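The values are calculated or read from the model by the stated rules, or taken from the named source; none is laboratory data. The structure displayed is predicted, hence computed values, not measured ones. No Cβ is skipped: glycine too gets one built from the backbone with ideal geometry, and neighbour counts run over all protein chains shown. Side chains are part of the model used for accessible areas, which takes the heavy atoms of the whole protein and leaves out ligands, DNA and RNA. Shrake-Rupley method; radii C 1.70, N 1.55, O 1.52, S 1.80 Å.
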Amino acid sequence: MPRVAAIACGAGLMMATLAYAASSTLSTPTAPPATPVAVAPEPLVVPDVRKQAYVFAKGTLEQGGFAWRVEGGVPGFAANIVVSQSPEPGSRLVPDGSPTIVLRLSHNGSYKQEGVPENVSPYPGKAARLFDTAKPKPRAAQPAAVVKPAAPVKPAAKHPAQRPVRKAAFTVPGALKEPTDEILLSVRAKRLAAWVEAHPRRTPAHVNYWLYQHNWIVTGAGFGWSDGAEALRTLVSVDARVRKLWGVGARSERVARHALTEVEARSR
């Protein structure tokens with residue numbers, strides 16, 4: 001009997017210990033899941049397009065993610081020069097859409113003001129708002145990465161960058177030089193032709209984009225840039241296609257034909 005009582009007592013103590021352990025485990029509080037911290041967006045820095053031809057300033061702003069519009073008495077013809085901009089160069093803007101940069105131009109008396117001026121960007125913009133740097137948002141903590149030793153890599157053979165050959169058709173005193181980081185005028189015209197075929201429905205945005213490319217080609221060809229005559233021949237056919245698809249473009253086609261006549265005459 002004493003032995004049976006001892007066994008019963010030991011079993012009771014074991015059950016009590018297990019019950020206490022189970023209750024302790026179930027009642028242990030768990031840490032709440034970590035809340036992700038939003039990362040602040042990077043601001044857009046306004047480029048300096050002052051003293052640039054309007055046709056180049058538009059390209060710089062478009063590549064930077066900005067919209068634009070022209071104010072003042074001088075309209076947005078491609079060869080006119082940017083004299084001021086707002087916001088000022090170096091301003092940090094909130095990247096919500098395409099902040100609008102307001103440009104003022106001066107008349108370039110060396111070139112005829114022909115065609116239709118483009119006073120606004122071919123896509124909608126938003127009012128420019130200065131980026132708030134007073135209260136930067138904290139970045140989410142990232143776990144430390146385990147750095148593994150990289151295997152030795154053999155240096156790649158260097159090859160010279162392949163750039164299209166650019167030969168000016170003629171020289172215009174004081175004209176802007178052809179930018180080497182842009183595609184040739186003939187390539188731009190062919191891409192515009194393909195773009196028009198892919199956009200058969202006329203919209204304000206489509207018309208503005210076509211006029212933007214049209215002004216670039218006509219202006220560059222008038223400056224004597226390479227492949228100008230070839231680009232203008234393509235542009236004339238593009239304008240004819242635009243007239244058929246969209247019902248506009250007769251005046252722009254006349255401008256392109258007139259530019260082609262002058263470029264061919266000066267290229268001989």
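So between Glu71 and Glu262, what do we pick up on full extension, going 0.36 nm a residue minus the alpha carbon distance?
Numbers: separation 191, 0.36 × 191 = 68.76 nm, distance 3.10 nm.
Extra length available between Glu71 and Glu262 comes to 65.7 nm.
Under a plain spin-label model, where a point goes 7 Å from the Cα along Cα-to-Cβ, how far apart in nm are Arg251 and Arg92?
In this crude spin-label approximation the distance works out to 4.4 nm.
Can you give me the distance in nm between label points at Arg166 and Ser237, each placed 7 Å from the Cα along the Cα-to-Cβ direction?
2.5 nm
Can you pull the percent of the stretch 161-268's accessible area that's carbon plus sulfur, 1.4 Å probe, other chains left in place? It would help to have the intermediate numbers written out before the result.
Working: 3070 of 5870 Å².
Summing carbon and sulfur atoms, their accessible area is 52 percent of the total for the stretch 161-268.
Residues of the stretch 74-125: accessible area per residue at 1.4 Å, in Å²?
On the way: 2270 Å² over 52 residues.
Accessible area per residue: 44 Å².
Going down the list Lys58/Lys190; Lys126/Lys177; Lys177/Lys244, which pairs span over 25 Å between their C-alpha atoms?
Values: Lys58/Lys190 20 Å; Lys126/Lys177 32 Å; Lys177/Lys244 35 Å.
Violating the 25 Å limit, Cα to Cα: Lys126/Lys177; Lys177/Lys244.
I want to make sure I understand the PRE zone here: with the label point 7 angstrom from the Cα of His199 toward its beta carbon, which residues in the stretch 71-104 have backbone N atoms less than 14 Å away?
Correct set: none at all.
Assuming a ≥ b ≥ c are the square roots of the Cα gyration tensor eigenvalues, decide whether the stretch 168-268 counts as rounded (a/c under 1.5), prolate (otherwise, with a/b larger than b/c) or oblate.
Working: a/c = 2.27, a/b = 1.73, b/c = 1.31.
It comes out prolate by the Cα gyration axes.
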